[in-house]
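Encoded as C-alpha cells, the structure appears first; notes follow it.
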Ligand code: 13P
Ligand code: SF4
C-alpha cells in the first residue's frame, strides 16, 4: 500500500470527531511526519490534550503526564518529539538525557509552571524547615531541582503517603493539594498556583449539566476547585478519566477538563455519548501538525537543561517514578 493510501485510511480512526474536509487538509503533513519519523528514527509522545489529528494521526505514545514521563525514560529512538507543553519536554530530557528532545513550539507553557520560581521554593524551605517539598510535574526543571520529589495528578496521593511524615508541602497547584488533602491524613501545605483551564469550572456548571442531562456521569480533573471535585462522580488524571470511561462505559459522560480530551476518548468509545462543556488550554493548542513537521525537518526546538539543574531535578523525578 502506498503511504498516501495508508494516511487516508487513518481517517477511519478520527471520523467521529473530524469532518473529512478537515482531515484532507491534514493528510500532506501527516504523510510527511510519518516519513520523517522513519528517516530520523523519531518517536512522538502526545499528551491526552492534543488535537485528534495529532493524537490519532501521528503520535506513537499517548497518555497523561505520568505515562509520558515513564515512556520518555524508556524511549530508544534517537529523537523524541513532545506534543505537549514545555515542562513535559523538560521531563523527557531529564529522564533520557542522551536523546534529542524537541518541543515544536517553545511558547507552550503552563499557568501552573509560571506560578512559582526556585526562589519561592527556597523561601518555603526556610519557612517550613524539615517539611518535604513535593512538586507537581507541571513546573520548570529549576523548580523541580529545588524540591525533594515530584508527583503527577495520577500518583499524588501515593507520593504524599510514601514519605511517611505527618506534614508535607505540595506545590504549586493549590486545588490539587486541597483535593489530595481530603483523601489522606497527611497535613498538606499548599501554594497559590492554579491551572487557568480547570479553575474556571464551577459547581453551578455541574448542577446545570445534571439538570439538562439527567443521569450524566461527571468526571473532573483534580486541578479543578475542590468544590467542583466534591460534586463530581469521579476525579483523576487524564488517563484515569479515560480508563474510567473504558471500564464503566457510562451512557452519557462529561469530562470536566481540556476540550480535546473528549474528542480523543470519544474516538475509542463510540457507544458513549460525550456532553462537551470544556475549556481550551491555549498552551497545548500551540502544538500543530505543521510545527511538528517543522520540528522534525529543522531539528527545532531542542530542549536543553543546565547540568547543575538537571542533576537534582532528575533525582526528584526519579524518586517519584520509584514510588509504587
Ligand atoms: P495529567 O497528568 O492528568 O495528564 O494532567 C496534565 C495537565 O496538564 C492537566 O492540566
Ligand atoms: Fe497547564 Fe492547565 Fe494547560 Fe495543563 S491544562 S498544561 S495545567 S495550563
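The values are calculated or read from the model by the stated rules, or taken from the named source; none is laboratory data. Keep in mind it's a predicted model, so treat the numbers as computed, not measured. Glycine gets a Cβ as well: all are built from the backbone with ideal geometry, and neighbour counts include every protein chain shown.
Could you say whether any residue in region 67-75 is more than 16 Å from ligand 2 (Cβ to nearest atom), within 17 Å of residue 294 (Cβ to Cβ) and modelled with pLDDT of 95 or more?
Looking for residues that are more than 16 Å from ligand 2 (Cβ to nearest atom), within 17 Å of residue 294 (Cβ to Cβ) and modelled with pLDDT of 95 or more, one finds none in region 67-75, hence no.
Of 324, 285, which residue is within 16 Å of ligand 1 (Cβ to nearest atom) and either closer than 21 Å to residue 70 by Cα or touching a residue at least 40 places away in the same chain (Cβ under 8 Å) (or both)?
Matching residue, one of 324, 285: 285.
Take residues that are closer than 22 Å to residue 198 by Cβ and tell me which of the helices (runs of 4 or more DSSP H) falling wholly in region 22-130 contain 2 or more.
Passing ranges, in order: 52-55, 65-74, 86-95.
Looking at region 273-280, can you tell me whether even one residue there is out of contact with any strand residue (DSSP E or B) (no Cβ under 8 Å at 6 or more places or on another chain) and away from ligand 1 (no atom under 14 Å from the Cβ)?
Looking for residues that are out of contact with any strand residue (DSSP E or B) (no Cβ under 8 Å at 6 or more places or on another chain) and away from ligand 1 (no atom under 14 Å from the Cβ), one finds none in region 273-280, hence no.
Quick test for you: out of 73, 69, 32, pick the one residue that is closer than 18 Å to residue 154 by Cβ, more than 13 Å from the chain's Cα centre (by Cα) and touching a residue at least 40 places away in the same chain (Cβ under 8 Å).
One residue alone meets the criteria, 73.
Any residue in region 179-196 that's free of Cβ contacts under 8 Å to residues at least 12 places away in the same chain: show its pairings with residues that are surrounded by fewer than 19 Cβ atoms within 10 Å (Cβ to Cβ) and not in a loop (DSSP other than H, G, I, E, B) at Cβ separation under 6 Å, as long as the two are six or more apart or on different chains.
Note: no pairs meet the criteria.
Yes/no matrix, rows are residues, columns are (1) more than 14 Å from ligand 2 (Cβ to nearest atom); (2) at positive phi; (3) surrounded by fewer than 16 Cβ atoms within 10 Å (Cβ to Cβ); (4) part of a loop (DSSP other than H, G, I, E, B):
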| site | (1), (2), (3), (4) |
| --- | --- |
| 195 | no, no, no, yes |
| 228 | yes, no, no, no |
| 243 | yes, no, yes, no |
| 282 | no, no, yes, yes |
| 285 | no, no, no, no |
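Every residue, every condition in (1) under 30 Å from residue 181 (Cβ atoms); (2) in a helix (DSSP H, G or I); (3) without any contact (Cβ under 8 Å) to a residue 12 or more places away in the chain, yes or no:
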{"position": "214", "(1), (2), (3)": "no, no, yes"}
{"position": "255", "(1), (2), (3)": "yes, no, no"}
{"position": "270", "(1), (2), (3)": "no, no, no"}
{"position": "292", "(1), (2), (3)": "no, yes, no"}
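What are the residues in region 131-152 that are in a strand (DSSP E or B), more than 15 Å from the chain's Cα centre (by Cα) and free of Cβ contacts under 8 Å to residues at least 60 places away in the same chain, if any?
Hits for region 131-152 are 133, 134.
Among the residues that make up region 162-177, is at least one of them surrounded by fewer than 20 Cβ atoms within 10 Å (Cβ to Cβ), in contact with a strand residue (DSSP E or B) (Cβ under 7 Å, 6 or more places away or on another chain) and either at pLDDT below 95 or assigned to a loop (DSSP other than H, G, I, E, B) (or both)?
Checked region 162-177: at least one residue is surrounded by fewer than 20 Cβ atoms within 10 Å (Cβ to Cβ), in contact with a strand residue (DSSP E or B) (Cβ under 7 Å, 6 or more places away or on another chain) and either at pLDDT below 95 or assigned to a loop (DSSP other than H, G, I, E, B) (or both).
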